[in-house]
């Protein structure tokens, strides 16, 4: 507390707060509240009908209102990643950076957005086989 | 300019139209109004799936009570509804409906009915109730447009309106037929927030009063007015903390508190909550804090610094002391009402599971999984964090409010699935900001690039082109806004790709929303459909059973069923019920649960005490309907065991922790009234081809006791697919 001469300097910058907000967005959309209350396993298990071997099952099938922990975290991760992609698309318009950075940001932005969207669509199709049919 | 010089009053229609259409402003107005009209129609029409597939019928459970209340309001008048004591539910206690209901929805439907009848469009009341929700959904989209316009600019407003019209999170509670509080409450919520941001931006008393009236509508419509009442003080605190406090904020909040508080306290259900309840503590505390702050500023201006310093010290001591003492006295003397259980759950998610089984048992109160987000919001989950970034990039009073609203709404939506509805407008507005900003910057660069190539082509020399291009950029209005952004040299392809990506995302969003509405959110749940095309089978068992009750039982018969079906029985069967969906009396519900879970003799004693004539159970074993009473039975045991722990123990109904009604089921389970009422006569039925008799299609095994005999009840009615089963309670035996 001694090295701050006024309360103003303690105030965090908007972008720092934005980063904290994105981290909290990740946790909330990953279904952390569900995990705390219902305590599902990290991954489920299915027995293979032919061999009898126990295989891990990542997505709880046929129910939108149930999840495993890892499944929730991967979903939340891709939501945040998609958001970061769109943010990168906007960051690429900053004229104070070099052209290399700006092209890189634009390319990464496209890639991350499309990747997140494709991943989430795949996940939801695995979870709900009847999706879009 | 030339058109003014050559103004002719007698211009032909074609000439006038041509003159208007060549002006940019009128082109923009035409595009904007066409878009808004299409958005309104889209918001209305997408919610009509169930009306087209089934019929214009009211869905679910709660809307039936609202429908019955609206009938009362329309037929008997305002004061009969305001003072209504309903003797037809919660026998023998009755329910004070006038003081325990949020009347906003009923008033809205009644006003729409009276207005449409006055204009000689004689629409039936049931149809008015069915179509209230889509009508208000269109209105919400229009308010979203105004809100976006207030937050940023017109383009954001248009994107917000388009997204709001079809976002599945909102559609889920506002399809045609879903005549529930949320149908009008989300409109009231968005309007209150919009008018509040207007009030903060303008700082006039008039805008504060408008916001207060919108708050009245919200308080009359839904219990989530508590959310608004805590969000707006929280916003004031945050604005003060980050150093954006201003006189406009003070005027807006003071007017809002005074007028809004008084108006909201007119609702009987709210009563004196605004001054007495813990839930609204911050509402009052911030008002007091604002007045104190302005008083301090005023005194400092008048007194000068030294005298003011002494006064401030003395006053601070006195105020803190009396404030703390007052709060302690109020809490100790019990004047301050405690937080209700529902709202405790929002702060501590595990509270309901441990202490209030009824709150924990409602499926809508379960926490949210990751999949619900993409299902209810689709691309908005990606665009919303980007919208938060844009809000932080350029802070204004309005975007700070949106950020605070969005963060609290997203957090609460993670705790309870039902609150996804409140988070949907937040997601929509954030996404509108990010999508509109992305589109705006891409199209601006494309336009600049086009202007630059135009200038390069028309100018004779390269230097003249280089000199003219910056001038052109400076002259064009769009460039003046984005002075920090410079287009990447000769990269129109990237910007076209951005526009294409956004277009694809919007098309995918629209496709998803329409599919979700059609498949997931348009089922009336009172009519069940199975199969496709020529094998389509409609199961209308519920209405069949309720109308049987209406026509074949004596008018003052009392029906005992689980609380889920109470509203439907009173509305459609027109008979008195023991417990219904209002769940205001836990002991009464526990008594019914105890009766269902006890053996027949014990249950008969309880039913005689409660004056029951008929018992009604929902059974899905024959049809495969999985939301039946056997699946809900454990909750009956838990709730009954919570109030009568000596009589009902949950462990007696579980075989090694396993809940089963097969031959592994415990004797207590197989002798309970619920088991007997569900499976009476079922042991002789063959439901599937290669299974034995008594095969329960929902549980997936054969039942334990196939030879059910009833001593004190008689089977009165079983619907076509055995979904609803009604039993008559026999009178006492003649002893002589």
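Structure values in brief
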| read-out | value |
| --- | --- |
| Looking only at region B:502-519, and only at residues there that are free of Cβ contacts under 8 Å to residues at least 60 places away in the same chain and within 30 Å of residue B:564 (Cβ to Cβ), the one that is nearest to the other protein chains (Cβ to nearest Cβ) | B:515 |
| Filter pass, residue B:262 being touching a helix residue (DSSP H, G or I) at 6+ places or on another chain (Cβ under 9 Å) and under 30 Å from residue B:58 (Cβ atoms) | no |
| Filtered residues of region B:347-377 (kept if more than 9 Å from chain A (Cβ to nearest Cβ) and modelled with pLDDT of 90 or more) | B:376, B:377 |
| Residue ID - modelled with the highest pLDDT, chosen from residues in region A:86-98 that are part of a helix (DSSP H, G or I) and more than 7 Å from chain B (Cβ to nearest Cβ) | A:88 |
| Every residue from region A:115-132 that is touching a residue at least 24 places away in the same chain (Cβ under 8 Å) and facing another protein chain (nearest Cβ under 10 Å) | A:116, A:117, A:120, A:123, A:127, A:128 |
| Single unsatisfied condition, residue B:411 versus (1) touching a residue at least 24 places away in the same chain (Cβ under 8 Å); (2) under 26 Å from residue A:88 (Cβ atoms) | (1) |
| Set B:228, B:262, B:286, B:242: member being exposed (fewer than 15 other Cβ atoms within 10 Å of the Cβ) and under 25 Å from residue B:407 (Cα atoms) | B:242 |
| Matching option when the condition is in contact with a strand residue (DSSP E or B) (Cβ under 8 Å, 6 or more places away or on another chain) and buried (at least 21 other Cβ atoms within 10 Å of the Cβ), among B:648, B:726, B:639 | B:726 |
| Single condition residue B:529 does not satisfy, out of (1) at pLDDT 90 or above; (2) surrounded by fewer than 19 Cβ atoms within 10 Å (Cβ to Cβ); (3) not in a loop (DSSP other than H, G, I, E, B) | (1) |
| Subset of region B:543-595 [farther than 29 Å from residue B:223 by Cβ and touching a residue at least 60 places away in the same chain (Cβ under 8 Å)] | B:544, B:545, B:548, B:549, B:552, B:553, B:558, B:595 |
| Selection within region B:411-424 - under 14 Å from the mean Cα position of the chain (by Cα) and either more than 11 Å from chain A (Cβ to nearest Cβ) or closer than 21 Å to residue A:80 by Cβ (or both) | B:412, B:413, B:417, B:418, B:419, B:420, B:421, B:422, B:423, B:424 |
| Any chance residue B:169 is on the phi > 0 side of the Ramachandran plot and either crowded, with 24+ Cβ neighbours inside 10 Å or modelled with pLDDT under 95 (or both) | no |
| Lone unmet requirement of (1) within 23 Å of the chain's Cα centre (by Cα); (2) at pLDDT below 95 for residue B:138 | (2) |
| Residue match in region A:102-110 (condition: within 18 Å of residue B:498 (Cβ to Cβ) and more than 11 Å from chain B (Cβ to nearest Cβ)) | yes |
| So residue A:103, is it surrounded by fewer than 21 Cβ atoms within 10 Å (Cβ to Cβ), assigned to a helix (DSSP H, G or I) and on the phi < 0 side of the Ramachandran plot | yes |
| Per-region count, region B:655-678, residues over 22 Å from residue B:591 (Cβ atoms) and outside any helix (DSSP H, G or I) | 12 |
| Yes/no for residue B:256 being under 24 Å from the mean Cα position of the chain (by Cα) and in a helix (DSSP H, G or I) | yes |
| Residues being over 28 Å from residue B:725 (Cβ atoms) and touching a strand residue (DSSP E or B) at 6+ places or on another chain (Cβ under 9 Å) - total across region B:504-562 | 0 |
| Positions within region B:93-124 being surrounded by fewer than 20 Cβ atoms within 10 Å (Cβ to Cβ) and assigned to a helix (DSSP H, G or I), in sequence order | B:98, B:99, B:107, B:111, B:112, B:114, B:115, B:116, B:117, B:118 |
| Residues of region A:35-46 that turn out to be in a loop (DSSP other than H, G, I, E, B) and either touching a residue at least 60 places away in the same chain (Cβ under 8 Å) or crowded, with 17+ Cβ neighbours inside 10 Å (or both), as a count | 1 |
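Let's see how each residue does on (1) more than 38 Å from the chain's Cα centre (by Cα); (2) under 24 Å from residue B:539 (Cβ atoms); (3) at pLDDT 90 or above:
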{"position": "B:687", "(1), (2), (3)": "yes, yes, no"}
{"position": "B:702", "(1), (2), (3)": "yes, yes, no"}
{"position": "B:712", "(1), (2), (3)": "yes, no, yes"}
{"position": "B:718", "(1), (2), (3)": "no, yes, yes"}
{"position": "B:725", "(1), (2), (3)": "no, yes, yes"}
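Okay, residues lined up against (1) more than 7 Å from every other protein chain (Cβ to nearest Cβ); (2) in a helix (DSSP H, G or I); (3) farther than 15 Å from residue B:373 by Cβ; (4) in contact with a strand residue (DSSP E or B) (Cβ under 9 Å, 6 or more places away or on another chain):
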| site | (1), (2), (3), (4) |
| --- | --- |
| A:33 | no, yes, no, no |
| A:49 | yes, no, yes, no |
| A:55 | yes, no, yes, yes |
| A:66 | no, no, no, no |
| A:70 | yes, yes, yes, no |
| A:73 | yes, yes, no, no |
| A:84 | yes, yes, yes, no |
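The values are calculated or read from the model by the stated rules, or taken from the named source; none is laboratory data. Everything numeric here is computed off the predicted structure, so don't read it as measured data. Backbone-built Cβ (ideal geometry, glycine too); neighbour counts: all protein chains shown.
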